[in-house]
1. Under the 0.36 nm per residue contour assumption, what length would be gained going from the current alpha-carbon distance of residue 14 and residue 372 to full extension?
2. Please give the solvent-accessible surface of residue 205 in Å², to the nearest 10, using a probe radius of 1.4 Å with every protein chain present.
3. Applying the Karplus parametrisation 6.51 cos²θ - 1.76 cosθ + 1.60 with θ = phi - 60° to the phi angles of the range 147-157, what ³J(HN,Hα) value in whole Hz is obtained for each residue in order, glycine and proline being reported as x?
4. As a test question: what accessible area, to the nearest 10 Å², does residue 171 have when a 1.4 Å probe is rolled over all protein chains in place?
5. Within the range 59-102, what residues put their amide N at less than 15 Å from the label point 7 Å along the Cα-to-Cβ vector of residue 337?
6. Per-residue ellipticity at 222 nm for the chain, helices alone: DSSP H runs ≥ 4 residues times -39500 (n - 2.57), over residue total, nearest 500 deg cm²/dmol?
7. Collect residues whose amide H, placed 1.01 Å from N in the peptide plane, falls under 5 Å from the amide H of residue 95; neighbours closer than 5 in sequence don't count.
8. Given +1 on the Cβ of Lys and Arg, -1 on the Cβ of Asp and Glu, and no further charges, what dipole in debye does the chain carry about its Cα centre, rounded to the nearest 20?
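The values are calculated or read from the model by the stated rules, or taken from the named source; none is laboratory data. This is a predicted model, so every value here is computed, not measured. Here the Cβ is made from the backbone with ideal geometry for all residues, glycine too, and neighbour counts use every protein chain on show. With ligands, DNA and RNA removed, areas are computed over all heavy atoms of the protein, side chains included. Shrake-Rupley method; radii C 1.70, N 1.55, O 1.52, S 1.80 Å.
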Amino acid sequence: MYTVGEEEIEALARVIRSKALFRYGVGHECDRFEERYAAHLGVKHFALSASGSNALVAALVALGIGPGDEVLIPAHTYMATGTAVLAAGAIPVIVDVDDTITIDPQAIEAAIGPQTRAVIPVHMWGAACNMDAIMDIAESKGLLVLEDVCQGIGGSYNGRKLGSIGHAGAFSFNFFKNMSGGEGGGIATSDPKVAERARCYIDPCHFYWQGRNDETKPFAGVGARASELLGAMLNVQLDRLDGMIGAMRAEKKKILSGTKHLDNLGLRASPMNSADHDCATQVMFTLPNEAAAQAFVKTMPAVIAGKTGRHTFTQWDQVLMHEGAHHQALNPYKLTENKGLRTEYKEGMCKSSLEILDRTVMVATNPQHSDDEIEAIIHNIDQAARVALEDVAMADVVLKNQQAVDLQKFDA
Ligand SMILES: *Cc1c(COP(=O)(O)O)cnc(C)c1O
């Protein structure tokens, strides 16, 4: 969750007073942000757009994904990851997440078919995917990698910024993300052709505003141009980002060390692919079962990862209903190019993902939390874990006693 203050108000007021609300040839805020953010990420290009959903489609289109292609996506992500694949005319193939609740590299490898062209690792809740394993698989199998960084802004994977590792990264700057302009999005890439094609998708008139380019053939896209108000807001937000992530990481560290003693009881910190570099927007715990997770979230403010209502594949209506476009002639599930692709989402699929998601709970951090508030959260977790895990721990004791009795019998 982002923070805002007087600096944003001043930046917006400045743009409004200047009346320079349009980015091309009038204002400079969007250009300035794109340059600064590309440098921050360590990529060559960043292209702003009006939303994260649009940025995902622009990136897929820019990478050349379309009808005839399968794109692997995780069972746990915001539904726009899946609908973006459909908007590009391709078919989303849903694969398992592992205990980190990010896409499982082994599941990626197992799911690759002859028509699989790309994979979208999603850095969910600010936690990095296993990018080394994913990039290795992608390289050996010739897959394109589009990172969905909408929830991973400010995070890294072993020292490299999220969104700078794959062939492209898609970002969202909506209300819920680590930097916000209310709404907004963008694409990061170091490939100039991908950047150019993304800009073409984002703005049908891009060649007029930015000059024609002999190498990139224009194509019809949609209009999702960023306004100078978004650029101005993000320029301020970028200055806040590292401090904010630092505060959340410190809070997460305190919560984890303050709740370590609950490990014995069965409250385990969820495994992470890059524990020291995540956004730390959430502290995640893996409980022994769903009942314990349910009891935990009844006792304190926390959320079960699988029960948000929109982040698990069972909640993606358009995908499950095969409503892949506004018109059936454009519906990827019905296109002849997509015949023979894996378009079925079977009852009982990704069972292990659902099982993991239903027993993973998340406690939100906030860069504005005081030390006292953090102490209160640690206290709440202690209480909730005891309520949630007492029965489980008791069942475990009964089981161990029984096993001991059985062993004695065996000895006799
Ligand atoms: C927020 C989000 C998006 C879409 O972003 P919008 O700006 O709301 O369109 C896509 N993917 C993930 C994982 C998200 O969290």
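1. 125.1 nm
2. 60 Å²
3. Working through the residues one at a time gives 7, 8, 9, 3, 9, x, 5, x, x, 9, 10 Hz.
4. 0 Å²
5. Flagged as within label range: 60-71, 85-92.
6. -13500 deg cm²/dmol
7. 73, 75
8. Roughly 860 debye, rounded to the nearest 20.
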